[in-house]
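So the structure is just underneath, and the comments pick up after that.
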Amino acid sequence: MIRIYSIGLILLTALLLLPFTVFAQKIRVQGTATYNGIRPLPNVSISLDGSYDGATTDDKGRFTFETEENGPFKLIARVAGFVDVAQPIELNGATTVVATIVFTTKAVTLNDVTVRPRLFDLTDKNKYTVMSPLDVLTTATDGNITSALRTLPGAQPVGESGDLFVRGGTGTETRVYIDGLLVNNFTYSSPSNMAARSRFAPGMFKGTFFSTGGYSAQYGQALSSALVLETEDLPVKSSAELTLSPVMAGATLEKLSRDKKTVYGGGISHTSLRLYNLLAPATVLFTKTPRYWDGNGFVRRQFSNGGMLKFFVNGGLSDVGLDRPNLDYEGVVNNIRLTNRNLYTNLTYRRNLNRGWKWQAGLSYNYNTDLTNVAARVDGGLRADSLVRQADRSALWQARSVVSKLILARTRLHVGTELQRVSEQRNDSRNVDTFLAQFAETESYLTDRLSARIGLRFEYASVLRKANVAPRLALGYSTGTNGLLSVSYGRFYQKPERQFLWQTTDIGYTNADHYIASYQQLANDRTFRAEGFFKRYNHLIRTTPNLDNGGWGYARGVEVFFRDKKSIKGVDYWLSYSFLDTKRLFLDYPTVVQPSFAARHTASAVVKRFFSAVQTNIGLSYTYGSGRPYVNPNRPVEAFMTDRTPPYHNLGLSIAHLMSVRKAQSVLVLTVSNALGNRQVFGYTYSTRHPERREAIVPTNNPFVFVGLFVTLGADRRQEIINSQL
Amino acid sequence: MKTLVITLISLVLLAHATLAQSDKYQKAMEKNLAQFDTARTVSSLLGLMNTFERIGSVEKAQWLPYYYAGMCAMNLANKEKDKNQIDSWADKAESFASRADSLSPNNSEISCLKATIHFARINVDFMSRGPKYSALGAEALQQALKQNPNNPRAMVVLAQLKRSAPEGFGGDKAMACQLAAKAARIFEQTPTGNPINPKWGQNSAQALLKKCEEPTAQK
């Protein structure tokens with residue numbers, strides 16, 4: 001019995017000492033980790049599966065660690081950018097075990113595919129950051145997205161219009177998409193030669209992608225450029241904002257639900273230039289100063305399955321009346337009155353489906369009415385018999401569905417369909433188009449450095465009874481860590497504008513071929529980009545001698561962009577230059593000439609700095625455009641469009657001061673466009689009866705000064721909770 | 001008798017194995033935390049992050065290894081000079097924080113870690129990210145203080161936020177000083193428990209308090 005107890009005691013002692021005796025034998029594991037046996041990989045996490053033991057490789061890819069484990073194990077190696085490596089390792093006998101780890105496969109997250117060389121990505125997630133929504137707000141001197149984009153290369157300084165004129169294209173060659181859905185009438189309607197502002201506030205969008213050419217097959221019907229806007233998702237907290245200014249007043253409310261999955265809200269604003277016009281009369285004689293009423297509402301919900309639903313509605317009314325001297329008859333004044341009503345709704349849903357598919361769907365409705373009355377005013381009285389009424393009504397229904405999936409590990413495939421029903425009416429002329437588009441596109445890594453985007457887009461428009469197929473191609477080659485060299489080609493089709501379709505539908509699509517080569521360098525807070533392009537326009541619409549597709553044209557040029565947030569502490573600046581050589585034969589042009597909306601040289605400089613001591617951000621922007629051609633009827637046909645306007649100079653100033661108004665976050669904003677008051681002439685209107693008589697087309701307000709106070713009321717109780725802690 | 005001995009031995013064996021395991025965990029954590037307290041370089045933080053991750057992958061019920069791996073990644077995000085890389089460290093830190101969160105839900109320390117990760121993201125672009133991520137960070141701190149009203153670390157981080165944010169955007173220098181003082185008091189009064197529990201923050205509280213006492217701070 002005692003023997004048994006003693007055996008038990010001995011055993012017990014032995015057991016207690018077990019860890020210090022049997023496992024005390026240490027084994028050293030060492031080795032290297034490389035990519036394909038050549039490039040040593042630092043920062044690789046090496047671990048002996050199921051134990052604490054392991055190490056991290058040094059700069060030369062070496063690692064070493066000690067272990068007390070024994071037997072067959074798995075050695076696991078992990079590092080960002082590569083697929084994990086697991087290999088068996090035998091730990092017995094030897095005091096040193098050598099392991100050689102070779103990574104062979106790069107892990108590709110398709111977010112990193114950078115074959116969009118021409119996209120100016122304005123979101124800050126993406127590496128292609130050029131501007132953020134905040135940049136838009138501090139760059140534009142009028143709160144317009146398009147004005148901020150005009151400081152980027154490729155956009156022309158066409159001050160008499162609110163549209164974007166890109167690389168020798170007209171304003172209608174740039175189309176705007178919100179969450180993938182086309183927006184007609186992105187800007188308010190305005191009388192001719194008067195710039196109109198955007199109907200959408202820049203703060204609505206988290207991302208602004210401005211493509212100046214060669215854009216994806218996911219978009220179409222724009223010969224020159226696509227502006228792709230993405231709306232905000234869920235905010236961090238509920239808030240309310242009040243805007244007060246001599247020219248406008250507005251209020252918006254954004255309410256986040258308790259579970260933080262739903263946000264809803266809306267806003268209204270009213271803009272009137274009445275007071276402003278009294279203090280600083282405009283260059284035109286307003287009989288009704290411009291007034292705008294805007295309203296919007298939205299609901300966004302994140303579902304438990306990860307799906308995101310967004311609904312958005314935006315409506316507006318505007319009204320303007322002005323007198324313009326009739327150049328043909330002395331003493332006669334044309335009174336123009338324009339009333340606009342518009343509505344835009346957008347419903348989108350996106351979610352992940354089974355087996356790696358992602359789905360995005362959208363529905364939208366667009367409605368716009370312009371009522372224009374033009375009457376002659378003689379000796380102060382309106383001549384009723386001279387009244388011309390024009391009622392333009394357009395409506396657009398559209399549906400879109402896109403699915404995408406990661407295929408072959410290195411390729412993302414997008415397939416989509418768009419259906420639109422467009423109705424365009426002027427007085428009694430009306431046409432209706434059913435438009436169908438389908439596209440497929442792949443974005444892939446061919447090798448570690450070479451990426452490609454290949455797309456094909458098919459379109460059919462019932463009004464033209466014609467279909468088209470447009471190929472799109474882009475190749476990117478990464479040179480070193482920050483450089484990207486890329487080339488792209490694409491064909492882009494666009495339906496003729498509505499005023500031609502009212503006359504005849506026996507015409508076809510206009511199209512353009514883009515060839516682009518670019519190089520960009522993206523380092524820490526510094527971006528450099530140089531781009532050369534050639535664009536060939538085919539089948540442009542001519543109105544004389546007959547209305548047909550007999551026009552053509554070309555545009556070629558070079559653009560340089562440099563942005564730097566680093567060299568000068570606290571200062572963010574960018575410089576851009578565009579050289580553009582373009583000629584076209586279209587509309588009533590008798591010969592192939594440089595069109596009136598193209599400046600040969602355009603340059604701009606933007607500089608911003610936040611002065612933290614006084615909580616003030618000051619921004620300056622300067623834009624130069626060389627003289628643009630205009631038609632002078634006094635010249636012979638051979639000299640068509642040979643005159644040039646004076647060069648364009650515009651210095652913009654923006655000051656934003658952060659402050660608190662009764663504890664509410666507030667920003668006091670002062671912006672001035674054309675601060676130096678340079679005379680800007682965009683062109684001339686000539687009298688048809690007396691060609692020696694002309695009128696310069698100038699900005700409506702020069703300079704224009706805006707002062708406004710934006711007050712944000714945080715509708716949350718954070719402060720109270722903190723107070724209860726003290 | 002024989003069975004009794006065998007049972008006894010088995011019991012001892014089992015208890016011993018468990019004890020040895022928890023002892024091993026405690027020792028490994030203590031050893032690595034000693035390094036963590038003095039880790040300043042990127043390579044040492046990275047090594048520690050990987051080590052804590054390895055411990056976490058073995059100790060499937062412990063939240064602290066992932067918490068510290070997250071702290072290392074968050075510090076790496078703050079040390080990162082390449083602004084394009086900050087988010088990848090912050091993403092890593094966030095994935096560790098959520099793993100810790102799943103092992104220990106409603107933990108004030110983890111909420112506080114999440115707040116510091118949000119603040120790290122602001123460095124990518126102060127002007128455009130400041131409003132969003134400081135609000136997210138403040139919210140995580142609020143959560144941390146709701147979960148444990150006496151978490152001195154959450155108080156210190158909140159005090160730093162209150163001190164640096166502009167007035168009107170949640171900044172309040174007087175409140176920052178009050179919070180720092182309260183945090184310092186809690187640090188002094190709280191007995192040192194298990195040395196592997198979170199204990200950082202005392203120096204920051206003292207430093208902040210010192211700034212509060214300087215006359216220039218009383219603007």
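FYI, it's all coordinate maths here, none of it is from the lab. Owing to the predicted nature of the structure, the values given are computational and were not obtained by experimental measurement. FYI the Cβ positions are ideal-geometry reconstructions off the backbone, even for glycines, and counts take in every protein chain you see.
Can you list the HN-Hα couplings for the stretch A:233-244, worked out from phi with the Karplus curve (6.51, -1.76, 1.60; θ = phi - 60°), rounded to whole Hz and with x for Gly and Pro?
8, 8, x, 6, 8, 6, 7, 10, 10, 10, 10, 10
Can you list, by residue number, the Cys in the protein assembly as shown that have no neighbouring cysteine C-beta under 4.7 Å?
Taking the Cβ cut-off of 4.7 Å, the unpaired cysteines of the protein assembly as shown are B:Cys72, B:Cys112.
Can you give the average number of partner chain beta-carbon atoms within 10 Å of each beta-carbon in peptide A:75-84, as a whole number? Could the numbers behind the result be given before it?
Working: counts 0, 2, 0, 2, 0, 5, 1, 0, 0, 0.
Across the residues of A:75-84, the mean count of other-chain Cβ atoms within 10 Å is 1.
Binned at 10 Å from 0, what are the whole-percent values of the Cα-Cα distance distribution for chain B, short to long?
Distribution as computed: 8, 29, 34, 17, 7, 4, 2, 1, 0 percent.
Considering amide H positions built from the backbone, and no H for Pro or chain starts, which residues 5 or more places from A:Val236, or on another chain, come under 5 Å of its amide H?
none
Roughly how many Å is it from the Cα centre of the stretch A:526-596 to that of the stretch A:658-718, as a whole number?
26 Å
What percentage of all Cα-Cα pairs in the protein assembly as shown are separated by more than 55 Å?
25 percent
Mind checking which lysines have their Cα closer than 29 Å to the Cα of A:Lys583? Skip sequence neighbours fewer than 8 apart in that chain.
Hits, sequence-local ones excluded: A:Lys466, A:Lys495, A:Lys535.
Quick check: pseudo-label points 7 Å beyond the Cα along Cα→Cβ at A:Lys260 and A:Asn305, how many nm apart are they?
In this crude label model, A:Lys260 to A:Asn305 measures out at 2.4 nm.
Give me the extension gain from A:Asp323 to A:Val607: residue separation times 0.36 nm, minus the current Cα-Cα distance, reported in nm with one decimal.
Full-extension gain reported as 98.4 nm.
Once R0 is set to 51 Å, what does the formula 1/(1 + (r/R0)^6) return for the Cβ-Cβ distance between A:Leu587 and A:Trp359, expressed as a FRET efficiency to the nearest 0.05?
Working: r = 43 Å, r/R0 = 0.84.
It comes to 0.75.
Does anyone have the angle between helix B:126-147 and the longest principal axis of chain B? Alpha-carbon axes, 0 to 90°, nearest 10?
50 degrees
Could you sort out which of A:Lys358/A:Lys569; B:Lys24/B:Lys92; A:Lys405/B:Lys60 sit more than 31 Å apart by Cα distance in this structure? Mind dumping the intermediate values first?
Details: A:Lys358/A:Lys569 42 Å; B:Lys24/B:Lys92 27 Å; A:Lys405/B:Lys60 34 Å.
Violating the 31 Å limit, Cα to Cα: A:Lys358/A:Lys569; A:Lys405/B:Lys60.
For the Cα atoms of chain B, what angle does the longest principal axis make with the long axis of helix B:152-164, in degrees from 0 to 90, nearest 10?
For helix B:152-164, the angle is close to 20 degrees.
Separation between the A:Asp49 and A:Phe579 pseudo-spin-labels, each 7 Å from Cα along Cα→Cβ, expressed in nm?
6.1 nm
Can you list the trypsin sites (Lys or Arg not before Pro) in the stretch A:639-707 that are in a DSSP coil and have 15 or fewer other beta carbons within 10 angstrom? Write down the numbers at each step before the final one.
Working: sites: A:Arg644, A:Arg662, A:Lys663, A:Arg679, A:Arg689, A:Arg693, A:Arg694; in loops: A:Arg662, A:Lys663, A:Arg679, A:Arg689, A:Arg693.
Sparse-neighbourhood loop trypsin sites (Lys or Arg not before Pro): A:Arg662, A:Lys663, A:Arg679, A:Arg689, A:Arg693.
At a Förster radius of 22 Å, what calculated FRET efficiency corresponds to the Cβ-Cβ distance of B:Lys132 and B:Ser104, to the nearest 0.05?
For R0 = 22 Å, the calculated efficiency reads 0.20.
Arrange the peptides A:490-499, A:327-336 so that the one whose residues have, on average, the most other Cβ atoms within 10 Å appears first.
The peptides rank, most packed first, as A:490-499, A:327-336.
In the structure shown, do any of B:Lys162/B:Lys210; A:Lys260/B:Lys199; A:Lys237/B:Lys210 have a Cα-Cα gap over 23 Å, and if so which?
Details: B:Lys162/B:Lys210 16 Å; A:Lys260/B:Lys199 32 Å; A:Lys237/B:Lys210 34 Å.
Flagged as over cut-off: A:Lys260/B:Lys199; A:Lys237/B:Lys210.
Which FRET efficiency value, to the nearest 0.05, do you get for A:Arg28 and B:Glu30 by plugging their Cβ-Cβ distance into 1/(1 + (r/R0)^6) with R0 = 25 Å?
Values: r = 23 Å, r/R0 = 0.93.
Approximately 0.60, to the nearest 0.05.
Give me the extension gain from A:Val415 to A:Arg383: residue separation times 0.36 nm, minus the current Cα-Cα distance, reported in nm with one decimal.
5.7 nm
For A:Arg197, what residues show an amide H to amide H distance below 5 Å, using hydrogens built from the backbone and excluding near sequence neighbours?
Counting only residues 5 or more places away or on other chains, the set is A:Tyr188.
What is the average number of partner chain Cβ atoms found within 10 Å of a Cβ in B:73-84?
That average works out to 2.
Output wanted: per-residue J couplings in Hz (rounded whole) for the stretch A:245-262, from phi through Karplus 6.51 cos²θ - 1.76 cosθ + 1.60, θ = phi - 60°, x for Gly and Pro.
7, x, 9, 8, 9, x, 9, 10, 10, 10, 10, 9, 5, 4, 7, 6, 10, 10
Please give the calculated 222 nm ellipticity per residue for chain A, where each DSSP H segment of at least 4 residues contributes -39500 (n - 2.57) and the sum is spread over every residue; nearest 500 deg cm²/dmol?
Mean residue ellipticity at 222 nm (helix-derived): -2000 deg cm²/dmol.
As I understand it, the value is the acute angle between the Cα axis of helix A:2-21 and the longest principal axis of the Cα atoms of chain A; what does it come to in degrees, rounded to 10?
Approximately 40 degrees, to the nearest ten.
In whole percent, what relative contact order does chain A give with Cα contacts below 8 Å and a gap of six or more residues?
That works out to 9 percent.
In debye, nearest 20: dipole of the stretch A:119-725 around its Cα centre with unit charges on the Cβ of K, R (+) and D, E (-)?
1460 debye
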